[in-house]
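Notes follow the structure.
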Amino acid sequence: MLTTREPITFVNEGQKLIGVLHRPAAADRDKTPAVVLFHGFTGTKVEPHRIFVKAAEALARAGIVALRFDFRGSGDSEGDFEDMTLPGEISDARVSLDYVSGLPGVDGNNIGILGLSMGGAVAASVSDDPRVRSVVLWSAVADLESTFLEPAKSGAWREVSGVGDADAESSDRATANRAGDGSGAGGPGGVDAASGAGGDERENRTQSESWGNGQIPPFAIPRRADVRGNVVGRDFILTLTEARPLETVRRCKAPVLVIHGDQDESVPVSHSAMYERAIKEAGGTVEVHIVAGADHTFNSAVWEAEVIRKTVEWFKRCLLR
């Protein structure tokens, strides 16, 4: 089947998000289902070896509209990566569902979602949307603490210095002001107002921050961390567990396919078992497909082909009924 693709934009919180829409050139039904793709941490709407492009094209050839886009602060979308948070990406994902559901020729109540890595956590976090009828998770993060908090604690994420310090100081003052708004420690992800004092004492002190329903273990949270050349703001850590993908996916009414490589060193294959267990305990439908020998982003033509084939078959079975 022939396909078409076109650049698109939609807006969330005043910022433009840039994407690409893939369509079957000739739909064989009045209303066509659609799949939205969510990229990973530091990723984009293309992803390694263009796996998102290839997956979207394969879906369009199968008769399914596909939308891939950049979260705010990533790729071509507006915003700064330093301001990126997981709740912010979940907000983007929900707006993307609104956008694709309202497109002419799209069945707005027959939507699939696909997420890679942290994008998998995003997908799980919006999987309870009643418009979502099918979910696919690739190498999806289930345990946010081990994936993101532990590197920050260990010092693997080093403080950035001398790059945009004026902007960072302004951001720090804003964060401190939020903490002093009468909500005690600032609510989930809040920072003690005393952090507005500035200087090395603020940056290096041991902190006990409010974190979801519990407490962040005491450690020095980098104000601005250098993660492989990407500047990650402190709010990324402090707001991390406002998202609870394993809890949300329990409320998912759609069937879920979990695909993971058994040699994934970034997000161990044990995360797929966490999703499987959560969904089964809630009485949901889940299937797990392990790609033998595969790494985190399926960096082999053979692994890639297997993942895309399995994914397209799943969405066809769930959405083209």
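The values are calculated or read from the model by the stated rules, or taken from the named source; none is laboratory data. Quick caveat, the model's predicted, so the values are computed rather than measured. All Cβ positions, glycine included, derive from the backbone under ideal geometry; neighbour counts span all protein chains shown.
Selection of segment 40-61 for residues being buried (at least 19 other Cβ atoms within 10 Å of the Cβ) and either modelled with pLDDT under 95 or on the phi < 0 side of the Ramachandran plot (or both) yields 40, 41, 43, 45, 51, 52, 55, 56, 58, 59, 60.
Screening residue 149 with (1) more than 15 Å from the chain's Cα centre (by Cα); (2) closer than 17 Å to residue 33 by Cβ gives one miss only, at (2). A single entry from 294, 225 fulfils the requirement of being crowded, with 18+ Cβ neighbours inside 10 Å, at pLDDT 95 or above and either in a strand (DSSP E or B) or touching a Phe, Trp or Tyr at 6+ places or on another chain (Cβ under 9 Å) (or both): 294.
Within segment 108-125, if we keep just the residues that are touching a strand residue (DSSP E or B) at 6+ places or on another chain (Cβ under 8 Å) and farther than 17 Å from residue 70 by Cα, the residue that is surrounded by the most Cβ atoms within 10 Å (Cβ to Cβ) turns out to be 124.
Checking residue 188 against (1) modelled with pLDDT of 95 or more; (2) outside any helix (DSSP H, G or I), which single condition isn't satisfied? Result: residue 188 fails condition (1) only.
Restricting attention to segment 310-321, the residues that are out of contact with any helix residue (DSSP H, G or I) (no Cβ under 7 Å at 6 or more places or on another chain) and touching a residue at least 12 places away in the same chain (Cβ under 8 Å) add up to 6.
Within segment 268-285, track down each residue that is outside any helix (DSSP H, G or I) and either out of contact with any Pro (no Cβ under 7 Å at 6 or more places or on another chain) or among the basic types (Lys, Arg) (or both).
268, 269, 282, 283, 284
Here the condition is being within 30 Å of residue 227 (Cα to Cα), touching a Pro at 6+ places or on another chain (Cβ under 7 Å) and either assigned by TED's automatic domain parsing to the domain that holds residue 16 or not aliphatic (A, V, I, L, M) (or both); of 60, 124, 56, it holds for 124 alone.
Taken together, the residues in segment 114-146 that are part of a helix (DSSP H, G or I), among the polar types (S, T, N, Q) and at pLDDT 95 or above amount to 1.
Here is a yes/no grid of residues against (1) among the acidic types (Asp, Glu); (2) surrounded by fewer than 18 Cβ atoms within 10 Å (Cβ to Cβ); (3) touching a helix residue (DSSP H, G or I) at 6+ places or on another chain (Cβ under 7 Å):
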| residue | (1), (2), (3) |
| --- | --- |
| 238 | no, no, no |
| 245 | no, no, yes |
| 248 | no, no, yes |
| 256 | no, no, yes |
| 260 | no, no, yes |
| 266 | no, yes, no |
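Listed by position, the strands (runs of 3 or more DSSP E) inside segment 1-113 whose residues that are within 15 Å of the chain's Cα centre (by Cα) number at least 3 are 32-38, 65-69.
The rows are residues; the columns are (1) among the aliphatic types (A, V, I, L, M); (2) over 19 Å from residue 110 (Cα atoms).
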{"position": "44", "(1), (2)": "no, yes"}
{"position": "48", "(1), (2)": "no, yes"}
{"position": "56", "(1), (2)": "yes, no"}
{"position": "64", "(1), (2)": "yes, no"}
{"position": "80", "(1), (2)": "no, yes"}
{"position": "84", "(1), (2)": "yes, yes"}
